[in-house]
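Before any comments, here is the structure.
The values are calculated or read from the model by the stated rules, or taken from the named source; none is laboratory data. Quick caveat, the model's predicted, so the values are computed rather than measured. Cβ sites come from the backbone with ideal geometry, for glycine too, and all protein chains shown count toward neighbours. Surface accessibility is based on the protein's heavy atoms, side chains included, excluding ligands, DNA and RNA. Shrake-Rupley method; radii C 1.70, N 1.55, O 1.52, S 1.80 Å.
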Amino acid sequence: MRWLDRTPVSDEEWRATYGLSPERDVPFTTLSGETIKPLYTQRDLPVDQQASIGLPGQFPFTRGVYPSMYRGRLWTMRQFAGFGTAEETNERFRYLLDHGQTGLSTAFDMPSLMGHDSDHLRSLGEVGREGVAVDTALDMETLFGGIPLDQVTVSMTINAPAAIMLAFYVVAAERQGNPPERLGGTIQTDILKEYIAQKEWCFPVDPAMRLVTDMIEWCTERMPRWHPVSISGYHIREAGATAAQELAFTLKDGLTYVEHAVARGLDVDDFAPRLSFFFNAQIDFFEEIAKYRAARRIWARELRDTFGAKDPRSWLMRFHTQTAGVSLTAQQPFNNIVRTAIEALAGVLAGTQSLHTNSFDEALALPTEDAVRIALRTQQVIAEETGVANVADPLGGSWYVEALTDKIEAEAERIFARIRDMGRRAGAEPDEDTKQFMTPGILRGIEDGWFMSEIADSAFTYQKALETGDKKIVGVNVQTGTVAKDLEILRISHEVEIEQKRVLTARKAGRDQAAVDAAIARMVEAGKTDQNMIPAMLDACRVEATLGEICDALRAEWGVYREPARF
C-alpha cells in the first residue's frame, strides 16, 4: 500500500490527490484579499534564504531586532489609558502599574488632539470623553503625580500639537527633579499619517513638518532615551487599508521624516536609532506576522543602502503593536477577548517591542477597570504560560510565513514605485544622494487625495465582502443568535468638563499674563527664523501658557490646514 511506501510524494502528486476532494465554497484569501494557495512547500522559499531571512539580531532583521529576543527581555506591556481629568487618569495609571503593567500609554481627549483648550467653543461636549484633558503643564504634572518619570517609560498618542505636549511633559519632569536626559518614552508626532488617514491636524503640511524636524533635532541633542516620532500605521489600517498599504504608507512616511532630518543637517546615525513604529495587529494571524517581518527587512535595507546609515542600531525597526480596534464588535462583546488574544499573539510571534491589548468593551465605551485588567492579563498569560517567548522567531522558516512575507514585501515595493512616480510627475528632481522622490511623492499623494482614495477603495472592498458573506465576523454576520447581557460601561460625566474649565479659568487668572504673552511672542518669532522652536516653546510652557494659546498663536502665523475639495 502507498502509505507503507517511504518514497516522498511530489508536489504534483499531492495536488492530484488534493483535487479529489471538493473545497469549501468560500474565498481562500487573507483579510486584505490576497489569494492563499492550498499548500506551501520548500519551493516557496526565497532562493537566497540566508540573505532574505537571516538570523535574529542580524541584517536584514526579518527574524527580529535582537539576537535573544524575549529570552533576554519580554516586550513592554502597555495599556492605553486616558479619560476625564488628569487626576482620574493618574488613578488608572497607578492601578495598571499595581497590576503588572511595565509602561504607561496616554490617550488624550479630542480637544487636546486638535490643539484646543477645554474652554474653547469647539471643545463643548468633548472634554475628557475619549481621553484625558490636558490644557497646561500643571495638568501634565498632575497626570504623572507620584509616578517617578525617570523609572517608567511613557508613550503619548498625539500628533498635531505633539511638540507642545512634549514640552508640557519635560516641564512636569523638571518639577519632579528629572532633566530631559533621564526621560524614556515615545510621543507619536506622525503628522503625515493625520493628513493620510486620521484627520487630526492643526497646521498646513510645511510648518507641521518643520515642527516635527525641530522635535527630532532637539530630542537628539537633549533626550537620548526618548523616541520623538512613532511612525504610525495603526490608524491607516483602522481607516480601512490593507496590510500592504499599512506597511507601505507607514514606511514612506518614516523615510520622509528621515529625509527632512538629514536635510536639516543631522547625521542619520545620530537620530535614526530613536525612531520607532506603531502597527496594527488585525485578526488575520499569519498575514500580520508576515507584515511585521517584511517591515523590518525593508526598513533595514532603506536605512543602510538609501540613507547610508552605518550604525546597525539605525537599521533596526523597533515597533509597538496595538490590537485592532476595528475588529472589536458591539455585538457579543465577549468574543472580543478571543480576538484580542489572537491579535496579541501575532504581535508577539512577530517580535514586537511593546504591546497594547484592547479591552473587550471598547466598541461600546472607554474600558472599565475589569476590562482593562483582562486585557493586561491576556499579555501576561501569553508571556508566562504559552512558551512562545522561549525562542526567537518561532515561525521563521515556515514555508507559508516566508512566502507571505515575500508577497507583502513585493506589494509594498509596488506601492513605493507608485509614490515615487507621483514625485516625478510633480516635477521634482531626485535627491542626489538617495535618488528618491519621497517627500514630493508623499505630498503630491496627500494633495491629490490619492492615499485617501486607495484606503477608501480597500475599505469598500472589505465591506462588500462582509455584506455578501465572503468575509465572516462571528456574532455580526454569522452565529448571530445570542445577545450579551447589558454590560457595565464607563460613562464620563458632564461634570468633568465643568470642573476642567473651572480649574483652567483659575489658573489663567493666577498666572503672570505679561510673561505668558512675551514667551508666546518669542516662540512665534523663533518660528520665523531657522532657530529650533522647542526651547522657546518650553519657556512658554514654564509660565503656564496653555495648549490652545500656543496653537492659536501658531495658527495665526501659519494658517490652518484645509483639506482640498474633491469631486
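How many percent of the accessible area of the chain is carbon or sulfur, using a 1.4 Å probe?
Here it works out to 53 percent.
Can you figure out the FRET efficiency of Ala456 with Phe59, using R₀ = 45 Å and their beta-carbon distance, to the nearest 0.05?
About 0.75, to the nearest 0.05.
Using a probe radius of 1.4 Å on heavy atoms only, what accessible surface per residue do you get for region 467-517? Whole Å² is fine.
70 Å²
Output the peptides 381-392, 256-267 sorted from most to least packed, where packing is the average of other Cβ atoms within 10 Å over each peptide's residues.
256-267, 381-392
Given labels modelled 7 Å from the Cα in the Cβ direction, how far is it in nm from Thr386 to Thr529?
Each label point is offset 7 Å from its Cα along the Cβ direction, giving 5.4 nm.
All other residues with a Cβ under 12 Å from the Cβ of Arg210 taken together, and with Lys, Arg as +1 and Asp, Glu as -1, what is their net charge?
Summing Lys/Arg as +1 and Asp/Glu as -1 gives -3.
Could you name the aspartates and glutamates whose alpha carbon sits less than 13 Å from that of Lys501, not counting residues in the same chain fewer than 8 places away?
Reachable aspartates and glutamates: Asp117, Asp119, Glu126, Asp135, Asp139.
Once both axes come from the Cα atoms, what is the angle between helix 450-468 and the longest principal axis of the chain, in degrees from 0 to 90, rounded to 10?
Tilt relative to the chain: about 50 degrees.
In degrees from 0 to 90, rounded to the nearest 10, what is the angle of the helix 162-176 Cα long axis to the longest principal axis of the chain?
That works out to roughly 70 degrees.
Skip the ligands, DNA and RNA, and give the accessible area per residue of region 312-466 with a 1.4 Å probe, whole Å².
Heavy-atom SASA per residue in region 312-466 reads 40 Å².
Check cross-link reach from Lys252 to the lysines: straight Cα distance under 16 Å, and skip same-chain residues fewer than eight apart.
Partners found: Lys193, Lys291, Lys435.
Once R0 is set to 45 Å, what does the formula 1/(1 + (r/R0)^6) return for the Cβ-Cβ distance between Val474 and Arg71, expressed as a FRET efficiency to the nearest 0.05?
It comes to 0.80.
Excluding ligands, DNA and RNA, what is the solvent-accessible area per residue of region 20-61 at a probe of 1.4 Å, expressed in Å²?
66 Å²
Evaluate Rg over Rh across region 437-479, taking Cα atoms for both radii and Kirkwood's formula for Rh.
Here Rg/Rh amounts to 1.29.
Please work out the FRET efficiency for the pair Leu39 and Arg225, using the Cβ-Cβ distance as r and a Förster radius of 45 Å; give the result to the nearest 0.05.
About 0.45, to the nearest 0.05.
Can you tell me the orientation of helix 205-222 relative to the chain, as the angle in degrees between its alpha-carbon axis and the longest Cα principal axis, to the nearest 10?
That works out to roughly 90 degrees.
Which net charge results for the neighbourhood of Asp267, defined as the other residues with beta-carbon distances under 11 angstrom from its beta-carbon, given Lys and Arg at +1 and Asp and Glu at -1?
-1
Which residues' amide hydrogens lie under 5 Å from the amide hydrogen of Ile231, considering only partners 5 or more residues apart or on another chain, with H built in the peptide plane?
Under 5 Å from the amide H of Ile231 lie the amide H atoms of Ser276, Phe277, Phe278, each far enough along the sequence or on another chain.
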